[in-house]
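Comments concern the structure below.
The values are calculated or read from the model by the stated rules, or taken from the named source; none is laboratory data. Owing to the predicted nature of the structure, the values given are computational and were not obtained by experimental measurement. Positions of Cβ are backbone-derived with ideal geometry, glycine not excepted, and every protein chain shown enters the neighbour counts. Accessible surface is based on the protein model in full, side chains and every heavy atom, while ligands, DNA and RNA are left aside. Shrake-Rupley method; radii C 1.70, N 1.55, O 1.52, S 1.80 Å.
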Amino acid sequence: MTMAKKITINDVALAAGVSVTTVSLVLSGKGRISAQTGQRVHNAIEELGFVRNRQASALRGGQTGVIGLIVSDLAQAFYAETTSGLTEALESEGRMVFLLQGGRGGEHMLARLNTLITQGVDGIIIAGSPGEAGAALRARAQEAGIPLIFASRANYPDDNDTVRPDNMLAAQRVTEHLIAQGHQRIAWVGGESSSLIRAERVGGYCATLLKYGLPFHSQWVAECGASQKQAAEAVQSLLSLNPTIDAIVCYNGLTAIGAWFGLLRAGRQTGTGLDRFFEQQVALAAFAEAREQGQYDIPVTWATISGREMGYLLAERILQRVDDPERVLHHAVLPPGLVVAP
């Protein structure tokens, strides 16, 4: 007995002479599709006997219960935690997450967005830098009539609906804590000059030093790559040229570990407040972008920037946008926390 071939959305698109995306938009009732094109798609569906799947059937009621998420790179701890928080929050609301990766440079973002549109998701979140595709992603989502939110670790300059942490405030708080502990010659180590995240954090650090009338010197800001070895070498070099430095703000957890080893090699073990011994010890502070980063067994004060909390906030925002597509664009900023070194 020969089994009948299952008719797919691709078969419908071929019979109607349109793209798969167009068929998906007709099924969902979204996007700008002409009446003539819509009729051709419906005729093809009728002729082929196409049976809509669960998602397409749900679309007749307006929603699929699925939120699309494109992450630039899941290997980044911050976005892994963001994904975890978002998934937890959406599942508690009876929703599902359709997860894709868009590439570190955003090179696959537009293709992944089109995949999600074809699948008929209710809304889409892009976590990470979209590269040069930001405007195209926004235009494509608007064409499809699907809410789009950008989740970024830094300020996203275009006019988009965004959720991001407050890097500048995090730097201000951690620098103010060091000042309150009596430190007056505070340096910066880590990050690369091309990073927007670094620029925001360095900006907060510099602004706080100036606010309290403390010295700031460009040679006290040391750039280095993302490795413990490079951070250790940067700290050793910094202290050899500027031995009176008594505290260092580190770009992230990896930099903080390297800085700690650098202090050990330089004979300037870390300490805070009254624990400093004849000014030989140097205090460390850093930005924790994942839960485990604040649990290292080294004396570091952490400005916590929670990816999980951002995931919760993203879930709330995307559901608001799904329920009210005409909602005014809004930039939500996640405040930092502070975990003081023991």
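Checking residue 210 against (1) touching a residue at least 24 places away in the same chain (Cβ under 8 Å); (2) in a helix (DSSP H, G or I): exactly one of these is not met. Which one?
So the condition that residue 210 fails would be (1).
Being loosely packed, with under 15 Cβ neighbours inside 10 Å and not in a helix (DSSP H, G or I) is the filter here, so list the residues in the stretch 321-332 that pass it. Break it down into steps so the answer makes sense when it comes.
First pass over the stretch 321-332, keeping only residues loosely packed, with under 15 Cβ neighbours inside 10 Å: 323-331.
Residues satisfying the conditions are 324, 325, 326, 327, 328, 329, 330, 331.
For the condition open to solvent by 10 Å² or more (accessible area, probe 1.4 Å) and on the phi > 0 side of the Ramachandran plot, what is the one hit in 103, 128?
Values: 128 fails: open to solvent by 10 Å² or more (accessible area, probe 1.4 Å).
Exactly one residue qualifies, and that residue is 103.
Report whether or not residue 153 is touching a strand residue (DSSP E or B) at 6+ places or on another chain (Cβ under 7 Å), open to solvent by 10 Å² or more (accessible area, probe 1.4 Å) and within 24 Å of residue 331 (Cβ to Cβ).
Working: touching a strand residue (DSSP E or B) at 6+ places or on another chain (Cβ under 7 Å): yes; open to solvent by 10 Å² or more (accessible area, probe 1.4 Å): yes; within 24 Å of residue 331 (Cβ to Cβ): yes.
When the stated conditions are applied, residue 153 passes them.
Within the stretch 90-114, how many residues turn out to be touching a Lys or Arg at 6+ places or on another chain (Cβ under 9 Å) and within 15 Å of residue 127 (Cβ to Cβ)? Can you show your working first?
So in the stretch 90-114, the residues touching a Lys or Arg at 6+ places or on another chain (Cβ under 9 Å) come out as 100-103, 110, 113-114.
Cutting the leftovers down to within 15 Å of residue 127 (Cβ to Cβ) gives us 100-103, 113.
Number of matching residues: 5.
For the stretch 78-87, indicate whether the set of residues that are crowded, with 17+ Cβ neighbours inside 10 Å, of a type in the set (Val, Ile, Thr), farther than 17 Å from residue 306 by Cβ and under 12 Å from the mean Cα position of the chain (by Cα) is non-empty.
No, that holds for no residue.
Please find, among 161, 246, the residue that is under 30 Å from residue 22 (Cα atoms), in contact with a strand residue (DSSP E or B) (Cβ under 9 Å, 6 or more places away or on another chain) and touching a residue at least 12 places away in the same chain (Cβ under 8 Å).
Working: 246 fails: under 30 Å from residue 22 (Cα atoms).
Only one candidate qualifies: 161.
I need every pair where a residue in the stretch 84-97 that is within 11 Å of residue 319 (Cβ to Cβ) and of a type in the set (Asp, Glu) has its Cβ under 9 Å from the Cβ of a residue that is assigned to a helix (DSSP H, G or I) and open to solvent by less than 20 Å² (accessible area, probe 1.4 Å), sequence separation at least 6 or different chains.
Taking only residues 6 or more apart or on different chains, the pairs are 93/315.
List every residue pair whose Cβ atoms sit under 6 Å apart, with the two residues 6 or more apart in sequence or on different chains, where the first one lies in the stretch 180-207 and is basic (Lys, Arg) and the second, anywhere, is open to solvent by 40 Å² or more (accessible area, probe 1.4 Å).
Short answer, once both residue conditions are applied: 185/244.
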